[in-house]
Amino acid sequence: MNVKMEESWKEVLKDEFSKDYFLQIAMFIKTEKAAGKIIYPPGSLMFNAFDKTPFDKVKVVLLGQDPYHNPGQAQGLSFSVPDGITKPPSLINIFKELQSDLGITPSVNGNLEKWATQGVLLLNASLTVRKNEPGSHSKIGWIEFTDAVIKKISEEKKGVVFLLWGRFAQDKQALIDETKHHVLKAAHPSPFSADKGFFGCKHFSKTNEFLMQEGLAPIDWKLNK
């Protein structure tokens, strides 16, 4: 697999790329494409989260589960959709909480690249999905890869804020050294669970409080121009 990824990540993750499981991911995706399966996001965006947020710039990790599986939505950043694409329900709820927490008017577009370029790693646990089949690539080895990413951040950095929304993300808490990082947990922003503890979690303001405690610049969560 030709890994299009910002150079600092290539160095941090170089051992993973030669492991059997990673080679098997590449073979699986190649086989799926040869069989005519449509895979999201497109290959050039598969590692977009790493391209947009270099390792040395990571201040926050926002963990998602799966890329969006409908046409045009997935861009390799958790919860984010390209400009002009209808905002999915979870993202609408994220913007509602942002408005409640910080008074920020919801953005017209659902493109979160501005967060990524400020140091918010928008990481999905699986980096690909088959069209219209949520979870279809969740057992092909991606979890092992992204768990390694979380461990590397935990081991080699300090003072990172991890946002764990929903049970799936919260299961990753065991990978994080909480003696030197900050973990914020809430329900998933999905319409099925947002009112069970996501709304009112104030994670955007809390994240900035932690960053400032670490002597780091807060995130400008505002997306509208």
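For the range 9-37, the candidate set comprises residues that are of a type in the set (A, V, I, L, M) and in a helix (DSSP H, G or I); within that set, the residue that is farthest from His137 (Cα to Cα) is Val12. Is it fair to say Lys151 is more than 20 Å from Lys52 (Cα to Cα) and surrounded by fewer than 18 Cβ atoms within 10 Å (Cβ to Cβ)? Criteria not met by Lys151. Filtered by the rule that a residue be open to solvent by less than 30 Å² (accessible area, probe 1.4 Å) and under 24 Å from Val129 (Cβ atoms), the range 154-185 gives Phe162, Leu163, Leu164, Trp165, Gly166, Ala169, Lys172. Is the range 37-51 home to any residue that is among the basic types (Lys, Arg) and within 24 Å of Ile219 (Cα to Cα)? Checked against the condition, which is being among the basic types (Lys, Arg) and within 24 Å of Ile219 (Cα to Cα), the range 37-51 yields no hits at all. I'd like the full set of residues that are open to solvent by 10 Å² or more (accessible area, probe 1.4 Å) and more than 27 Å from Ala34 (Cα to Cα), limited to the range 109-131. The answer is Asn109, Asn111, Glu113, Lys114, Thr117, Gln118.
Selection of the range 77-106 for residues being in contact with a Ser or Thr (Cβ under 8 Å, 6 or more places away or on another chain) and either modelled with pLDDT under 95 or assigned to a helix (DSSP H, G or I) (or both) yields Pro89, Ser90, Leu91, Asn93, Phe95, Gln99, Asp101, Leu102. Within the range 33-60, the set of residues being hydrophobic (A, V, I, L, M, F, W, C), open to solvent by 40 Å² or more (accessible area, probe 1.4 Å) and touching a strand residue (DSSP E or B) at 6+ places or on another chain (Cβ under 9 Å) comprises Ile38 only. For the range 12-29, the candidate set comprises residues that are open to solvent by 90 Å² or more (accessible area, probe 1.4 Å) and free of Cβ contacts under 8 Å to residues at least 24 places away in the same chain; within that set, the residue that is nearest to Asp51 (Cα to Cα) is Lys14.
The values are calculated or read from the model by the stated rules, or taken from the named source; none is laboratory data. Every value quoted in this text rests on a predicted model; they were computed, and no experiment measured them. Positions of Cβ are generated from backbone atoms using ideal geometry, with glycine treated the same way; all protein chains shown enter the neighbour counts. Surface accessibility is based on the protein's heavy atoms, side chains included, excluding ligands, DNA and RNA. Shrake-Rupley method; radii C 1.70, N 1.55, O 1.52, S 1.80 Å.
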